[in-house]
Structures are given as structure tokens and as C-alpha cells.
Amino acid sequence: MESQREGDVSSRPTKVYSDDQLAIEIPETAHQISSDSWFQVGFVLTTGINSAYVLGAVMVPLGWVGGVVGLLLATAISLYANALIAKLHEFGGKRHIRYRDLAGFIYGPKAYSLTWVLQYVNLFMINVGYVILAGQALKATYVLFTDDNTMKLPYFIAIAGFACGLFAICIPHLSALRFWLGLSTFFSLVYIVIAFALSLRDGIKAPPRDYGIPGSDINKVFTTIGASASLVFAFNTGMLPEIQNLDNKIENLLEPNREQNVHFLYFRESLGGALNGCFFLSNYATVRQPVVGNMMKALYFQFTVGVVPLYAVAFMGYWAYGNDTAAYLLSSVNGPVWVKTFANLSAFFQTVIALHIFASPMYEYLDTKYGIKGSALAVKNLSFRVMMRGGYLTITTLLAAALPFIGDFMSLTGAISTFPLTFILANHMYLVAKRNKLTSMQKAWHWLNVLFFGFMSVAAAVAAMRLIAVDSKNYSIFADI
């Protein structure tokens, strides 16, 4: 009878209790959820924004005034928008572990499908950009030792894609990144410290630089609008509910024996000090999960401590090289070969780890759809990851090699997916979900945000497409840039 009861439990979504003790239903997923501390989640978020992908020439299209003001505004509005999404993580008696689940719950099935498309376009394009960056880091290392130009950028992008594929096969889900997040932080610090130090040295020795926004008047308009999309892209993941799933300290979750339907409870100490639990729950168990509070802590960490390196490298790089700052900053710096090699390889390895974070929602979708559970080393599970994740990254790498315009991808991604997902949808979902609790002034504020960011999304998309069209004329397909 006991085994019968446990079998029944496994076929139904788990229900837990939220902070206000309302039953919260957790949807089925093949990946581990609710097992990591807010501090680890903060590092997941910070790893994304402090990758070498977004630490390049974010200032060039905006100049000093526009760049500084733009970065500060992008930080503030991104924190605000992400906080709105975080507060809706447990809403209407359900925990929404995927962005599309939340949109579908509030709006219906059509919104579920539209959000699914927008989110995966966003993540796919981010992954394309990361593969381009990893290839650029490898090429930058190569040219330090030879100038024969035999190896072209597409070759290095192919190598980078292969490395990302191997990593994706070896790491089954996002929670398994614990040790790798530490390495990612180390690699980020290496890149940041070296880029900052060498830029400072070059800036002290350099003649006066040009800080003007390059191009004609019409080009300045389009590049400024495109840069706004790049800024919001730099601070946002487009997958906050998926990351929020990680956020929960198990030591605060269970009160053993308070309900007799907690069948088994086992704790083990995990890396980083957080407790991980293995437990079987029947239909209801008394579980307190402060996911919203923990997620807010992670967001405050991301947008305070986490943004300091981005500011430091962006400002120092622009001060040192002016509007000649390269999109990949290490291409601009001068210094000892071994130091630049160390920095380039650190950027490469950190990018491989960061890509896995943004590819995880796709992996979770495929694993859940096809019922991939159990041991990560099982033959069925391993072969599935080789085929599905390998195939996904093969397509990603092919597009990255064909169109290696990293700055253009940042602008286009911000325009068609980051603006709608993080700002338009977040404000409107919060407006709909909390409409009975908001004042008229608060409703007007959210509508103003929806309209403003809707306009910015359209304008930035036009600007980004123009940039891609211009670069496509200047460079052939599979260009070596």
C-alpha cells in the first residue's frame, strides 16, 4: 500500500506551501529544482553579465555621457523589471518554474506559445553570440604566436562549438554547475583584472583619444538606438523563472514529522555550504519555500556587487582607447604575451560555462519532453544528450561561423526578445496579476512602461537589422573578422 501511495505521488505535481501557507503546485520537470542558495543563484546571474561577451565596447556608440547614464539607467530599470517577475514566481496557487508557464497562466495558451518562441529565440541568439566570442578568444590567442593567418575565425568558432558541446554533454542540468561556477568566477576575475590593468597602462601611455561617437549623423542615431538594446541585453537573462527554481535553501524547507506524509528525508552537505535534500512527498507536505525573498537577495547581489566589474572594465577600456575600443577588449590591449594568453584562455573557458547557463532552458525542455531522468551516466541519458545537445550546438555554431557579428547580435537580441520579455511582458503581467491591488497611479506607471519599451523594441529592431545589413555588405559569409 505504501509503494502504491508513492507511485500515485510521482504521477502528480508536488504541492508545497508558500510563505503565506497557501498550497503551491510545482510543475513536473526532469531537472533538479529548489536546491540552491540565493548566493549561488546570484553567482549564476552575475556570471551572465560579467562574461567577456558584454565587457567590450558598450561605451563606443554612446560616448561618455550617454554611456555612463545609459549603464546606470539600464542597471536600475533591469533590477526593477526582474523584481516584478520574481514576485510572480508563486502566483495563483502554482509555482511557475518557466517563463512561458507564467505567461500562459496569466494570459492563456496563445501567450504561452508566443513567450516560448520569444524566450528561445532570445536564448538561441545569446548562445550564438557566446560561440562567436569563444572563437574570437581562441583566435586572439592564436595570433599572439603566429601571423601566418592560416586559421580563420570560422575555424576557431567550430572548435569553440565543439568544446561547448562536450561541456553540455557532461553537465546534465543547471544545479550541477556548482563547482564550475567557482571556476567561472575565477576566469572572469582573470579576464577583468588583466583587461583593466593593461587598459590602464595603455591609457597612461597613449596620446589623446577621440571620444566622439563615430559615423554620420544618421549612423549615430541608429547606433545609439542599437546600443540601448545592447545595454538591456547586458543585464538580463530572459530566463529568470528558470534560474529562480534553483533558489531555495533546503534547511529552511522542511519541518520533519510535522506531517506524517513525509515518507523519507535525507540531507547531505553540498558545495558552497547549502544543504541539498532527497525526499519523497505525498500530495501535501508542510514546506516553507521563501523563493521570492531569496531571489530578491540574488538580484540585489547581481545589480550591486555584480555590476562593479562591468562598470570598471567598460569605463577603463573606453578611457584608454576611445572610440577605437574593440568589441572584444583584449584585441585592443598591449602587454606580455603570456599575460594576454592567460586572459584570452580565461575568457574562452568562462564563455563555455556561461553558454551552458543560457542553453539550460532548451536542455530542460528536451529532457522533460522525452522523460530523461535518473543517472546522468545511464547509456540512454548520455546518448540522448549527445544527440540533442550536440545537434542544437551544431546549428548554433554553424550560424555563429556564418555571421560572426557579435555586436549586431547583442543589439538584435535586446530588441526582439529582451525588451519584450523583460520589460514589456514583466510590466503587463504584473499589471494583470495585481490589478486589484494597484492604485490608479501604479497602473498608469506600468502602462507607461509597456508603451515606452514597446516603442524602444521596434526602434531597436530596425536599428539592429540595419547594422546587420551594413555589415553583411562589408563582410562575406563565414567572414574572418
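Grab the helices (runs of 4 or more DSSP H) fully contained in segment 105-223, keeping just those with 1 or more residues being within 27 Å of Ile424 (Cα to Cα) and at pLDDT 85 or above.
Working: elements: 109-143, 153-170, 178-205.
Helices (runs of 4 or more DSSP H) meeting the threshold: 109-143.
In summary, Phe455 fulfils each of the numbered conditions (1) surrounded by 19 or more Cβ atoms within 10 Å (Cβ to Cβ); (2) at pLDDT 85 or above; (3) not small (Gly, Ala, Ser) with the single exception of condition (1).
Based on what the data block shows, is Phe419 outside any helix (DSSP H, G or I) and within 30 Å of Gln136 (Cα to Cα)?
On the way: outside any helix (DSSP H, G or I): no; within 30 Å of Gln136 (Cα to Cα): yes.
Spelling it out, it is not the case that Phe419 is outside any helix (DSSP H, G or I) and within 30 Å of Gln136 (Cα to Cα).
Taken over segment 156-188, the residue count meeting the criterion of being touching a His at 6+ places or on another chain (Cβ under 7 Å) and not aliphatic (A, V, I, L, M) is 2. Residues of segment 123-149 that are in contact (Cβ under 8 Å) with a residue 60 or more places away in the chain, open to solvent by 10 Å² or more (accessible area, probe 1.4 Å) and not polar (S, T, N, Q): Phe124, Met125, Leu138, Ala140, Leu144, Phe145. Against the test of being β-branched (Val, Ile, Thr) and over 26 Å from Thr224 (Cβ atoms), the options Ile395, Ile468 yield a single qualifying residue, Ile395. Looking at the structure I just gave you, is Leu254 over 30 Å from Val458 (Cα atoms), at pLDDT below 80 and under 27 Å from the mean Cα position of the chain (by Cα)? No.
From Tyr120, Tyr107, grab the single residue that is closer than 30 Å to Pro154 by Cα and surrounded by fewer than 23 Cβ atoms within 10 Å (Cβ to Cβ). Full working, then the answer.
Values: Tyr107 fails: closer than 30 Å to Pro154 by Cα.
Residue meeting the stated conditions: Tyr120.
Going through segment 90-104 one residue at a time, which ones are modelled with pLDDT of 75 or more, within 19 Å of the chain's Cα centre (by Cα) and part of a loop (DSSP other than H, G, I, E, B)? Within segment 90-104, Arg98 is the sole residue that qualifies. With respect to (1) surrounded by 13 or more Cβ atoms within 10 Å (Cβ to Cβ); (2) at pLDDT 90 or above, the lone exception for Gly414 is condition (2).
The values are calculated or read from the model by the stated rules, or taken from the named source; none is laboratory data. Quantities reported herein were computed from a predicted structural model and do not represent experimental measurements. Here Cβ is always computed from backbone atoms with ideal geometry, including for glycine, and neighbour counts include all displayed protein chains. Just the protein is used for accessible areas: all its heavy atoms, side chains included, with ligands, DNA and RNA removed. Shrake-Rupley method; radii C 1.70, N 1.55, O 1.52, S 1.80 Å.
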